[in-house]
Amino acid sequence: PYDMLVVGGGPAGAAAAVYSARKGIRTGVVAERFGGQVADTMAIENFISMKATDGPKLVAGLEQHVLDYDVDVMKMQKAVRLEKKEFIEIELENGAILKSKSIVLATGARWREMNVPGEQTYRNKGVAYCPHCDGPIFKGKKTAVIGGGNSGIEAAIDLAGIVEHVTVFEFADTLRADDVLVKKANSLSNVTIIKNAMTTEVLGDGQKVTGLKYTDRTTDETHTVDVAGIFVQIGLVPNSEFLKDTLELTNRGEIIIDSHGRTSVEGVYAAGDVTNIPFKQIIISMGAGATAALGAFDYLIRH
Ligand code: FAD
């Protein structure tokens with residue numbers, strides 16, 4: 001068996017693998033797609049100590065760093081089941097079973113998409129999912145936020161301090177966000193909130209976003225709004241479906257961890273966007289991956 005098996009090859013998984021391997025213990029990494037969400041990212045300007053980098057460069061760096069050590073990297077392999085027997089077992093989609101004394105789950109998350117024409121074409125060209133990451137790109141420009149839940153209204157308040165104007169589009173006739181956030185957003189002169197709005201298309205000039213189309217659900221009329229950026233804030237879905245019956249998850253499917261990265265199953269640790277940590281960022285996931293690996297190592301030396 002492995003001493004530590006890491007499931008996931010994003011920033012959290014890569015950090016966990018490096019920390020594990022540096023302890024001289026038998027380490028494996030199984031990842032569906034090495035790099036995770038970073039592979040889908042263009043400009044990265046908040047990875048401290050690197051003023052600017054991009055997704056592909058950071059992914060190459062993650063992989064090189066892991067491969068510098070004696071780590072079994074199993075790419076393009078999906079975990080479908082976790083079970084604790086004598087060892088902890090991870091079953092892969094191809095039927096293979098990997099055994100390990102400890103596990104770090106770092107399977108990340110995915111942003112829920114609008115699934116409207118233009119969204120894919122203009123992803124990273126105006127369509128964005130992370131205000132902490134891409135807010136400054138739209139400095140002085142008009143932007144839209146899709147979704148009136150807590151993350152949408154938080155995004156609108158955050159962006160209002162950077163961009164010229166923010167319009168929030170909410171599908172329902174009420175906002176799901178906390179009252180205190182809604183009050184704050186309503187108090188800002190450069191935030192407009194439109195309810196009963198169904199976004200139907202992302203518009204662009206072939207290079208970048210120029211606007212969006214939405215239908216007013218009360219009148220059925222279609223409107224066009226000029227914006228340079230569209231932040232989609234309709235949910236971040238943790239990749240934890242395969243763990244539903246084995247680990248304690250939040251009602252949103254996030255793996256519940258403590259300060260050592262421990263989950264509800266002994267010997268199983270977790271890190272990064274798949275967990276219930278409040279903020280989902282590259283630098284935070286890396287720190288969480290290191291924490292989980294050290295937590296798991298602490299467990300191993302006691303068992
Ligand atoms: P992920 O990066 O999601 O990696 C998950 C890993 O697990 C992947 O290797 C995946 O293939 C694997 N996996 C999933 N399920 C399974 C399974 N069942 N079996 C095996 N492997 C599995 N953050 C910033 O700090 N700055 C930015 O500028 C920034 N820009 C972003 C732009 C975009 C478009 C997106 C989508 C995100 C951005 N983020 C940014 C957020 C950042 O990418 C994430 O917070 C970070 O990647 C989370 O790391 P992670 O390792 O927890 O998960």
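Consider Asp245 against the criteria (1) buried (at least 19 other Cβ atoms within 10 Å of the Cβ); (2) at pLDDT below 95: it satisfies all of them except one. Which criterion is unmet?
All conditions are met except number (1).
For the stretch 253-292, enumerate the residues that are closer than 25 Å to Ile44 by Cα and either more than 19 Å from the chain's Cα centre (by Cα) or among the basic types (Lys, Arg) (or both).
Scanning the stretch 253-292 gives a single hit, Lys280.
Looking for whichever is more than 21 Å from the chain's Cα centre (by Cα), surrounded by fewer than 21 Cβ atoms within 10 Å (Cβ to Cβ) and either at pLDDT below 95 or assigned to a loop (DSSP other than H, G, I, E, B) (or both) here; the options are Ile193, Ile162. Which one fits?
Ile162
With the checklist (1) closer than 17 Å to Asn239 by Cα; (2) near the ligand (Cβ under 9 Å from one of its atoms); (3) surrounded by 15 or more Cβ atoms within 10 Å (Cβ to Cβ) in hand, flag the one item Leu82 doesn't pass.
Of the numbered conditions (1) closer than 17 Å to Asn239 by Cα; (2) near the ligand (Cβ under 9 Å from one of its atoms); (3) surrounded by 15 or more Cβ atoms within 10 Å (Cβ to Cβ), the odd one out for Leu82 is (2).
Consider only pairs whose beta carbons are under 9 Å apart and that are at least six residues apart or on different chains; among these, list those whose first residue lies in the stretch 239-252 and is within 15 Å of Thr263 (Cα to Cα) and whose second residue is among the charged types (D, E, K, R) and surrounded by 17 or more Cβ atoms within 10 Å (Cβ to Cβ).
That search, which allows pairs on different chains as well, returns Ser240/Glu254.
Going through the stretch 44-53 one residue at a time, which ones are over 14 Å from Pro11 (Cβ atoms) and within 11 Å of the ligand (Cβ to nearest atom)?
Result: Glu45, Ala52.
In the stretch 275-289, how many residues are more than 6 Å from the ligand (Cβ to nearest atom), out of contact with any helix residue (DSSP H, G or I) (no Cβ under 6 Å at 6 or more places or on another chain) and part of a helix (DSSP H, G or I)?
Result for the stretch 275-289: 2.
Among the residues of the stretch 234-264, which ones are away from the ligand (no atom under 14 Å from the Cβ), in contact with an Asp or Glu (Cβ under 9 Å, 6 or more places away or on another chain) and closer than 13 Å to Leu82 by Cβ?
Thr263, Ser264
Out of Gly126, Gly135, Gly108, I need the residue that is farther than 13 Å from Gly235 by Cβ, crowded, with 22+ Cβ neighbours inside 10 Å, more than 15 Å from the chain's Cα centre (by Cα) and within 15 Å of the ligand (Cβ to nearest atom). Which one? Working first, answer last.
On the way: Gly135 fails: crowded, with 22+ Cβ neighbours inside 10 Å; Gly108 fails: more than 15 Å from the chain's Cα centre (by Cα).
Just one listed residue meets the conditions, Gly126.
Among Leu203, Leu181, Leu175, Leu212, which is the only one that is aliphatic (A, V, I, L, M), out of contact with any His (no Cβ under 7 Å at 6 or more places or on another chain) and farther than 20 Å from Arg112 by Cα? Can you show your working first?
Values: Leu203 fails: farther than 20 Å from Arg112 by Cα; Leu175 fails: farther than 20 Å from Arg112 by Cα; Leu212 fails: farther than 20 Å from Arg112 by Cα.
Answer to the selection: Leu181.
Applying the selection to the stretch 1-39, what residues are under 19 Å from Cys133 (Cβ atoms) and either more than 7 Å from the ligand (Cβ to nearest atom) or in contact (Cβ under 8 Å) with a residue 40 or more places away in the chain (or both)? So that I can check it myself, show each step before the final result.
Of the stretch 1-39, the ones under 19 Å from Cys133 (Cβ atoms) are 10-12, 14-15, 35-39.
Gly10, Pro11, Ala12, Ala14, Ala15, Gly36, Gln37, Val38, Ala39, listed by residue number.
Can you name every residue in the stretch 165-184 that is of a type in the set (Asp, Glu), outside any helix (DSSP H, G or I) and surrounded by fewer than 21 Cβ atoms within 10 Å (Cβ to Cβ)?
Listed by number, the residues that qualify are Asp173, Asp178.
The values are calculated or read from the model by the stated rules, or taken from the named source; none is laboratory data. Everything numeric in this text was worked out from a predicted model, so none of it was measured. Neighbour counts run over all protein chains shown; Cβ positions are idealised from the backbone, glycine included.
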